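Visitor: Structure provided below as structure tokens; questions to follow.
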Amino acid sequence: MTQQETAELDPNGCHRIVLTGGPGGGKTTAADLFRREIGERAVIVPESATMLFSGGLPRTGDARAQRAAQSAIFHVQRSLETIQAAQYPDRVLLCDRGTVDGAAYWPEEDGDFFAAMGTSLDAELARYDAVIFFESAAVGDMSIEGGNPTRIESNEEAVAVDRRLRDLWSRHPRFVFVAHNPSFFKKITFGLAALESMVGQLNYARRRRNGGRSVTES
């Protein structure tokens, strides 16, 4: 990315980086580690789906229930991003998933997810400055069981979700792909390096916009 392209990243609003990917990809771990590392330069927008499902929203295979759940997740995600941007206008938002993700879980027989939400894929992609995609460990036939009790996908289902998500998010002009690696440490290290690079570019853009002040200066 050139300096000119970097300086033009979202010049009028809070910078947002989406961390996404199939179940068991490591995105939440990466977000937490990176937030601990860089402190006040970034703030995490938590995953709305996990918040809602862990709070009691049912997960079922019924199409009507899936529509209702994905609609709720979409609107909560938007609201969380708005709240965090208002609270921390000078920080980079690290979004644990984004508003595009719901399309990968939308019942196929119900048509276009974005039309149902009153928006479009292009409009939702434009909300974000960059996308870092963590490929699911299920792609390598590794277990995706972990500390998230709301994760119910089988490995086969996780691979299918991963592919649908990648097809959607890869259309973003600033898309970074973090491939599955048998070594979780190596995978997370690569992902953290990508995050550090992107946050540095956004910090540079903000300094230019603010006449030399960094994102942590008030």
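FYI, it's all coordinate maths here, none of it is from the lab. The structure presented is a predicted model; accordingly, all values stated were derived computationally and were not measured. Glycine also receives a Cβ, built like all others from the backbone with ideal geometry; neighbour counts cover every protein chain displayed.
Visitor: Using alpha carbons only, what's the Rg to Rh ratio of the chain with Rh from Kirkwood? Don't jump to the answer; show the numbers that get you there.
Guide: Values: Rg = 17.1 Å, Rh = 17.8 Å.
Checking Rg against Rh, the ratio lands at 0.96.
Visitor: What list of ³J(HN,Hα) couplings, whole Hz, do you get for region 188-201 from phi and the Karplus terms 6.51, -1.76, 1.60, once you set θ to phi - 60° and write x for glycine and proline?
Guide: Result, rounded to whole Hz: 5, 4, 5, x, 5, 5, 5, 5, 4, 4, 5, 5, x, 5.
Visitor: Name the residues whose placed amide hydrogens come within less than 5 Å of the amide hydrogen of R16, ignoring near sequence neighbours (fewer than 5 apart) on the same chain.
Guide: Under 5 Å from the amide H of R16: L93, D129, A130.
Visitor: Taking only the C-alpha atoms, wrap a convex hull around region 37-81 and report its volume per residue in Å³ as a whole number. List each step's numbers first, then the result.
Guide: Numbers: hull volume 3.7 nm³, N = 45.
Hull volume over Cα atoms, normalised by residue count, gives 81 Å³.
Visitor: Hey, another quick one. Calculate one ³J(HN,Hα) per residue across region 57-69 by plugging θ = phi - 60° into the Karplus curve 6.51 cos²θ - 1.76 cosθ + 1.60, and present them in order as whole Hz with x for glycine and proline.
Guide: Karplus values, whole Hz, x for Gly and Pro: 5, x, 10, 9, x, 5, 4, 5, 5, 5, 4, 5, 5.
Visitor: Okay, moving on. Using only the Cα atoms of region 79-208, what semi-axes does the equivalent ellipsoid have when each is the square root of 5 times a gyration tensor eigenvalue? Give whole Å, largest first. Before the final figure, lay out each step's value.
Guide: Details: eigenvalues 126, 96, 36 Å².
Semi-axes from the Cα gyration tensor: 25, 22, 13 Å.
Visitor: Ordered by packing density, taken as the mean number of other Cβ atoms within 10 Å over each peptide's residues, highest first, how do 89-100, 29-40 rank? Each step should come with its number before you reach the end.
Guide: On the way: 89-100: 22.7, 29-40: 16.1.
Sorting 89-100, 29-40 by mean packing, highest first, produces 89-100, 29-40.
Visitor: Read phi for every residue in region 155-164 and hand back ³J(HN,Hα) as whole Hz from Karplus 6.51 cos²θ - 1.76 cosθ + 1.60, θ = phi - 60°, with x for Gly and Pro.
Guide: Going residue by residue, I get 4, 5, 5, 5, 5, 5, 5, 4, 5, 5 Hz, with x marking Gly and Pro.
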